[in-house]
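One structure is given here, and the rest of the page talks about it.
The values are calculated or read from the model by the stated rules, or taken from the named source; none is laboratory data. Model, not experiment: these values are computed from the prediction. In this analysis, Cβ positions are derived from the backbone assuming ideal geometry, glycine residues included, and neighbour counts consider all displayed protein chains. In case anyone asks, the SASA skips ligands and DNA or RNA and just uses the protein heavy atoms, side chains included. Shrake-Rupley method; radii C 1.70, N 1.55, O 1.52, S 1.80 Å.
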Amino acid sequence: MLCDTADCNNQSHPPNPAYRMRGNEEKLQAAAKAFLAALRRGKRSKPGLFEVMAFHIGRAPCDELGESAPADHAYWKKQGWLEKGRRYYVDVPVYHVLGVVVEWYLWRRVRRDLRGG
């Protein structure tokens with residue numbers, strides 16, 4: 001049951017089972033170690049295919065829907081990410097080509113949807 005009143009905080013909940021507490025602690029420790037290692041590395045790790053694709057997938061709507069989402073468009077423009085040929089922190093041609101193809105497809109879809117067809 002969802003609670004939408006101030007009394008929600010006063011309800012008692014059964015404690016998590018021990019196996020779940022151990023699992024949560026292990027996940028928390030692993031995340032903390034990974035975070036600390038990233039801080040000690042001192043530089044950003046190179047993005048993989050997923051991050052490059054996310055960049056291109058986000059770029060098309062931010063560019064096309066500039067009037068509908070002016071804050072997003074302004075941010076992307078300020079970063080220089082809307083410039084033609086801009087790459088996302090890594091120069092792996094295969095990643096870039098795949099990203100451009102997906103971006104092109106999304107641009108066409110957004111334009112078609114905006115025309116109502």
Original post:
Can you name the helices of the chain, as whole DSSP H runs, whose Cα span along the helix axis is 18 Å or more and whose Kyte-Doolittle mean is not below -1.0?
Top reply: 18-41, 49-64, 93-115
**OP:** Using 0.36 nm per residue of separation minus the Cα-Cα distance, give me the extension gain between R111 and R40 in nm, one decimal.
**Re:** 21.1 nm
Original post:
N24 versus Y75, label points 7 Å from Cα toward the beta carbon: distance in nm?
Top reply: 3.0 nm
**OP:** Just name one of H13, L36, Y95: the one whose Cα is farthest towards the positive end of the charge dipole of the chain (beta-carbon charges, Lys/Arg +1, Asp/Glu -1).
**Re:** Y95
Subject >> Within-11-Å neighbourhood charge of C62 [Cβ basis; K, R +1; D, E -1] >> reply: -2
Original post:
Counting pairs of alpha carbon atoms under 8 Å apart in space and at least six apart in sequence, what relative contact order in percent does the chain give?
Top reply: 28 percent
Original post:
Given springs between every Cα pair under 10 Å in a Gaussian network model of the chain, which of R86, R44, R22 has the largest fluctuation?
Top reply: R22
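What is the ratio of the Cα radius of gyration of the chain to 2.2 N^0.38 Å, where N is its residue count, to two decimals? Show your work: numbers first, answer last.
Numbers: Rg = 21.7 Å, N = 117, 2.2 N^0.38 = 13.4 Å.
That works out to 1.61 for the chain.
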**OP:** Over the chain, average the accessible area per residue using a 1.4 Å probe and give it in Å², no decimals.
**Re:** 82 Å²
Original post:
Roughly how many percent of the accessible protein surface of the chain is carbon and sulfur, given a 1.4 Å probe and a whole-percent answer?
Top reply: 58 percent
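Taking the Cα centre of region 26-68 as origin, sum charge times position over the Cβ atoms of Lys and Arg (+1) and Asp and Glu (-1), and report the length of that vector in debye to the nearest 20. Don't skip to the answer; put the middle values down first.
Numbers: 8 positive and 5 negative charges, 121 e Å.
In total the dipole reaches around 580 debye.
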